[in-house]
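To start, the structure under review is shown below, and the notes come after it.
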Amino acid sequence: MQPVFTGTQVRGAEAPWLEAGHGPALMRQAAWGLAHRTRQLLQQRGPVYGSRAVGLIGKGNNGGDTLWALSFLADRGVSIAAVAINVTADQFHPEGLAAFQRAGGRLVSKIDAATDVVVDGVFGTGFHGSFDLPGFLTDHDLAIPQTAAIIACDVPSGLMADTGDIPGNALRADATVTFGAPKLGLFVGEGGQHSGDVTVVDIGLGVELAAVQDPWWMADEPDVRAGFGPPRWDAHKYSRGVLSVVAGSPQYPGAAVLVVNAVAATGVGYISLVAQRPRDNSVADQVLAAHPQVVIEAQVAQKATAVVIGPGFGNTADERDDFTAALQVAQRQQLPVLVDASGLDLLDEDMLMQTFAAMVLTPHIGEMQRLTKRLAPDLQEQHPVAQAAAFAQRFGVWIVLKSADTYVLSPGTLRSVHPAKTSELATAGTGDTLAGILGAGIASLDATDDDFHQQLFTVLASGVRLHSLAGELAAADGGIVVSSLQDDIREAKRQAMASS
């Protein structure tokens, strides 16, 4: 998995270098990377020589980075200009301004209609408060040509690098060149929608970043291969995982089908559906019609290695009893258990305080808020991600928080994020599919391994990535049909394996 850092963490890694007087060297290195990426962008549009670049300049180091980068572009024949944003030119970074002027840069009050690229260098990762850069440009008759590319220096101005929030308004960049490390705010929330293609410029912070505690992580295709690749040559059905699924009800039998669809597509050795006959005939019959290999059992399988509970539950006394019984077996057999959908509303504090190999909760934002209101009301005012993280630590559970961006939060300090890739996944039933993918991955693990929790973290993060890959494939094929998403899961796995 790839580490991702908050802006605060990156500034902390830079601090020893700045205190030692290496700030000017870091700035020129960052600016060189910004200029290089800008040249690439210009090359995609036509000749670099003779093109025009304008910098939107603030008073801090971000403006200094941009002025230096413009001076480097001038060496390649680019006509360079700068516009002061919410400052006067005498407040510009002095060394950056001097380099810009030596290179023939002009300070202007208008953006030429023939401009090829605009570099947003107003605010960087230290920004706090609120600023409306598009509004400022409009108010000052600074129109960016529609044909001009926009490239952000470090972060789009006005973006909170720690969270991806934009309290005011920001320009939508075609590309962002960020310095030192990938920053969380460039990938999540509004930040992920404003940053465009993100390039990281290495400025030599490797040792300092390696010492940062509690970074964020993002899973990619190698993690999907590691977590959901082919079984060992000597595998048998039990060694590949035995997953008991406690899902569906006479009112919502389709939820069980969707979970099992995903489990079968993801791959385990043995799938058990807990369904009491004759009451749950409708659930069992629909699942068996789609997957005759599923074994119908009255309780969690004796050889189970994991349990998925909750999708499609109703609210009858019998179903509440089924929920409690499944949890009791999971606790007695020390199994990892995943609780999703309707099952989340049946949890109480006593259940959460029981000892399991692991308990994984997979709420969307609304379900997380309901859980918090019932069981940890003092956390209600926190940001949803902070709320989920605090809940996970308080109750010793893992949380996969589903939203446009999906977060995996451990009871300790492990945390990952998967940025939004397609809004097509905002469809009823895709949560059941994710529960099946994650359940299959969890069932393949050995809960007695010393590194089980690290493996669980990897499986949860990479399972979210696999779910997204399947959604992207379906979206590209005309849109998601949840009942056939299993085919996209298989194709996503095939492509992930082929990319090694």
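The values are calculated or read from the model by the stated rules, or taken from the named source; none is laboratory data. Being a predicted model, the structure only gives us computed values, none of them experimental. Cβ placement follows ideal geometry from the backbone for every residue including glycine, while neighbour counts extend to all protein chains displayed.
Can you find, within region 107-121, the residue that is surrounded by the fewest Cβ atoms within 10 Å (Cβ to Cβ) among those that are of a type outside the set (D, E, K, R) and in contact with a Lys or Arg (Cβ under 7 Å, 6 or more places away or on another chain)? Selected residue: A114. Considering region 1-34, and only residues there that are in contact with a strand residue (DSSP E or B) (Cβ under 8 Å, 6 or more places away or on another chain) and among the polar types (S, T, N, Q), the residue that is farthest from V117 (Cα to Cα) turns out to be Q2. Set side by side, the residues A113, A99 differ, and just one is outside any strand (DSSP E or B), touching a helix residue (DSSP H, G or I) at 6+ places or on another chain (Cβ under 6 Å) and among the small types (G, A, S), which is A99.
Taking region 245-278, which residues are out of contact with any Asp or Glu (no Cβ under 9 Å at 6 or more places or on another chain), part of a loop (DSSP other than H, G, I, E, B) and either among the charged types (D, E, K, R) or under 16 Å from V295 (Cβ atoms) (or both)? Across region 245-278, the qualifying residues are V268, G269, R277.
If you go through region 198-224 and pick out every residue that is in a helix (DSSP H, G or I), among the hydrophobic types (A, V, I, L, M, F, W, C) and closer than 15 Å to V10 by Cβ, you end up with 3. Among helices (runs of 4 or more DSSP H) entirely within region 326-398, having at least 1 residues that are of a type in the set (F, W, Y) singles out 384-395. All told, T316 meets the bar of being hydroxyl-bearing (S, T, Y) and over 29 Å from the mean Cα position of the chain (by Cα). Filter region 398-443 down to the residues that are polar (S, T, N, Q) and surrounded by fewer than 23 Cβ atoms within 10 Å (Cβ to Cβ) and list them by number. Scanning region 398-443 gives S403, S410, T413, T422, S423, T427, T430. Selection within region 405-420: residues that are in contact (Cβ under 8 Å) with a residue 60 or more places away in the chain and either over 16 Å from F187 (Cα atoms) or assigned to a loop (DSSP other than H, G, I, E, B) (or both). The member of this set that is farthest from the chain's Cα centre (by Cα) is T413. Among the residues of region 184-197, is there at least one that is modelled with pLDDT of 95 or more, outside any helix (DSSP H, G or I) and surrounded by fewer than 16 Cβ atoms within 10 Å (Cβ to Cβ)? Yes - at least one qualifying residue is present in region 184-197. The residue that is nearest to S416 (Cα to Cα), counting only those in region 1-21 that are in contact with an Asp or Glu (Cβ under 9 Å, 6 or more places away or on another chain) and surrounded by fewer than 18 Cβ atoms within 10 Å (Cβ to Cβ), is Q2.
One residue alone among D318, D285 is in the same structural domain as I489 (by TED's automatic domain parsing) and closer than 25 Å to L352 by Cα, and that residue is D318. Annotation: of all residues in region 225-237 being of a type in the set (K, R) and part of a loop (DSSP other than H, G, I, E, B), the one that is nearest to A25 (Cα to Cα) is R232.
Results for (1) assigned by TED's automatic domain parsing to the domain that holds Q193; (2) surrounded by 21 or more Cβ atoms within 10 Å (Cβ to Cβ); (3) over 22 Å from G471 (Cα atoms), shown as yes or no for each residue.
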| position | (1), (2), (3) |
| --- | --- |
| G343 | no, yes, yes |
| H364 | no, no, no |
| A376 | no, no, yes |
| Q393 | no, no, yes |
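I'm trying to understand the selection: among the residues of region 444-479, which are outside any helix (DSSP H, G or I) and either surrounded by fewer than 22 Cβ atoms within 10 Å (Cβ to Cβ) or among the basic types (K, R) (or both)? Those that are outside any helix (DSSP H, G or I) and either surrounded by fewer than 22 Cβ atoms within 10 Å (Cβ to Cβ) or among the basic types (K, R) (or both): D446, A447, T448, D449, D450, D451, D477, G478, G479. Of the residues making up region 116-155, those that are in contact (Cβ under 8 Å) with a residue 60 or more places away in the chain, under 27 Å from the mean Cα position of the chain (by Cα) and assigned to a loop (DSSP other than H, G, I, E, B) are V122, F123, G124, T125, G126, D154, V155. When we screen G241, G204, G227 for residues that are assigned by TED's automatic domain parsing to the domain that holds Y407, touching a Phe, Trp or Tyr at 6+ places or on another chain (Cβ under 9 Å) and among the small types (G, A, S), the only hit is G241.
With respect to being in contact (Cβ under 8 Å) with a residue 12 or more places away in the chain and either closer than 28 Å to F313 by Cβ or of a type outside the set (G, A, S) (or both), E424 fits the description.
Looking across region 198-252 at every residue that is among the hydroxyl-bearing types (S, T, Y) and under 30 Å from Q286 (Cβ atoms), the one that is surrounded by the fewest Cβ atoms within 10 Å (Cβ to Cβ) is identified as Y238. Looking at region 58-106 only, could you name the residues that are exposed (fewer than 15 other Cβ atoms within 10 Å of the Cβ) and in contact with a strand residue (DSSP E or B) (Cβ under 6 Å, 6 or more places away or on another chain)? Once the filter is applied, which keeps residues that are exposed (fewer than 15 other Cβ atoms within 10 Å of the Cβ) and in contact with a strand residue (DSSP E or B) (Cβ under 6 Å, 6 or more places away or on another chain), region 58-106 yields A89, R106. Looking at region 1-89, the helices (runs of 4 or more DSSP H) lying wholly inside it that each contain 2 or more residues that are in contact with a Phe, Trp or Tyr (Cβ under 9 Å, 6 or more places away or on another chain) and without any contact (Cβ under 8 Å) to a residue 60 or more places away in the chain sit at 23-45, 61-74.
Taking residues in region 295-308 that are not assigned by TED's automatic domain parsing to the domain that holds G248, and partners anywhere that are surrounded by 17 or more Cβ atoms within 10 Å (Cβ to Cβ) and in a loop (DSSP other than H, G, I, E, B), not one pair has Cβ atoms closer than 7 Å while being at least 6 places apart or on different chains.
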